[in-house]
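The values are calculated or read from the model by the stated rules, or taken from the named source; none is laboratory data. Remember, it's a predicted structure, so these values are computed and weren't measured experimentally. No Cβ is skipped: glycine too gets one built from the backbone with ideal geometry, and neighbour counts run over all protein chains shown. The accessibility values were calculated without ligands, DNA or RNA, using every heavy atom of the protein model including side chains. Shrake-Rupley method; radii C 1.70, N 1.55, O 1.52, S 1.80 Å.
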Amino acid sequence: LFFTDTGKVYRKKGYQIPESGKAAKGTNIVNILPLEPEEKISAMLRGKGLQEDDFIMFFTKNGVTKRMSQLELRNVRKNGIRALDIREGDELVQALTTHGSEKLLVVTRGGMAIRFDENDVRPMGRTAAGVRAIRLKDGDEVVAAVRATDEDAAVLTVTENGYGKRTRIGEYSVQNRGGMGLKNYNVTDKTGPVADVVIVTGDEDLLVISDDGTIIRMDVGSISLLSRSTQGVRVMRLTGDAKVISIAHTVKEDSAEADSPEAREES
């Protein structure tokens, strides 16, 4: 399922996506999906089918969330259908699958985060716009949302300038949705704003991706475990005006030569 910034959803079989090497430019998405002019893909979910008892949670840049039964998307047409109504000036940034009892963590560019129970959001139909997930400060915006149910796991946050840290999920108390939340990261000019977050247990590898096409792989356990209000350590050294845009965790491969953070001193 491909979700766009305007709230539409498209469906495509995985084998219909052209396969290519890591150095290839890839295929223009408009040759794969019938996107509208200026429409961009914001989120992607994979799975073998839609489940009656499961949900999809949507999160927008302006702090709105929506919870919808997966069965609402059982009849996605070739030209896509509306998955949620996006208000003017807003756009979709994240879609997650949930199973009815998840805790969710919503993270902002300016270093704030809120953790709440998915049942704080009632299920809605496709045409609904949603409700407030987090109250944002002026100039701030949501950059990511993750399932944060496992108290023994950690939140791994990386900033645009290549700094990052792990923080135990237990440091993020569960609150009612719609509030200001808690400090997640001490954002400074040196670190740059928050780029992305993932939930990790410490025994995975991490992929860090920059906007110039560079990807590095490292051991998650090599990234410092720090409190919510710190700046973290350098995890990726960037060149020129490059910025980190995304991170992802993957299964550790013993044969992989993982990169290590180039600086370990907490700022």
Can you give the accessible area of Lys183 in Å² (nearest 10), computed on protein heavy atoms with a 1.4 Å probe?
-> 80
Computed label-point distance, nm, for sites Val30 and Asp54 using a 7 Å Cα→Cβ extension | 3.3
Full extension between Met180 and Lys12 adds, at 0.36 nm per residue less the Cα distance, a length in nm of 56.8 nm
Expressed as a percent, the portion of alpha-carbon pairs in segment 118-187 spaced more than 19 Å apart is 46
One point scatterer per Cα, no solvent, Debye formula: log10 I(q)/I(0) for segment 36-107 at q = 0.12, 0.16, 0.24, 0.26 Å⁻¹ comes out as -0.34, -0.62, -1.33, -1.47
Accessible surface, 1.4 Å probe, highest first, among residues Arg217, Arg67, Arg82, Arg237 = Arg237, Arg82, Arg217, Arg67
Given a cut-off of 24 Å, what percent of all Cα-Cα pairs of segment 47-184 lie beyond it?
-> 30
What do you reckon, how do Leu156, Leu50 stack up by accessible area (1.4 Å probe), largest on top?
-> Leu50, Leu156
Averaged over every viewing direction, what's the projected area of the C-alpha convex hull for segment 1-128? Give it in nm², one decimal, please.
-> 9.1
Give or take rounding to whole Å, what are the principal axis extents of the alpha carbon atoms in segment 132-236, in descending order?
-> 36, 32, 21
Determine ³J(HN,Hα), in whole Hz, for all residues of segment 128-145 in sequence, where each value follows from phi through the Karplus function 6.51 cos²θ - 1.76 cosθ + 1.60 and θ = phi - 60°; x replaces Gly and Pro.
-> 6, 8, x, 10, 6, 8, 9, 8, 9, 6, 4, x, 8, 7, 6, 10, 6, 9
Built amide H within the under 5 Å cut-off of Ala153, gap 5+ | Ile169
How much length, in nm to one decimal, is gained on full extension between Arg237 and Leu225, taken as 0.36 nm per residue of separation minus their Cα-Cα distance?
-> 2.4 nm
Under a 5 Å amide H to amide H cut-off, with H placed in plane at 1.01 Å, what residues pair with Met124 once short-range neighbours are removed?
-> Arg67, Met68, Ser69
Of all DSSP beta bridges in the chain, antiparallel share, percent nearest 5 = 95
Return the long-range amide H neighbours of Glu91 (sequence gap of 5 or more, or a different chain), with a cut-off of under 5 Å between placed amide H atoms.
-> Lys61, Asn62
Solvent-accessible area of Ile32 with every protein chain in place, 1.4 Å probe, in Å² to the nearest 10 | 20
Would you please state which residues of segment 169-195 a label at Glu151 would reach in this model, taking the label point 7 Å out along Cα→Cβ and a backbone N cut-off of under 19 Å?
-> 169-176
Please report, in debye to the nearest 20, how large the charge dipole of the chain is about its Cα centre when each Lys and Arg carries +1 at its beta carbon and each Asp and Glu carries -1 there.
-> 800
Return the sequence-ordered ³J(HN,Hα) values of segment 111-119 in whole Hz as given by the Karplus equation 6.51 cos²θ - 1.76 cosθ + 1.60 applied to θ = phi - 60°, using x for Gly and Pro.
-> x, 9, 7, 9, 10, 8, 7, 4, 6
Taking a crude spin-label model, label points 7 Å out from Cα along the C-beta direction, the Asn119 to Asn79 distance in nm is 4.2
For the chain, accessible area per residue (1.4 Å probe, heavy atoms of protein chains only), Å² | 52
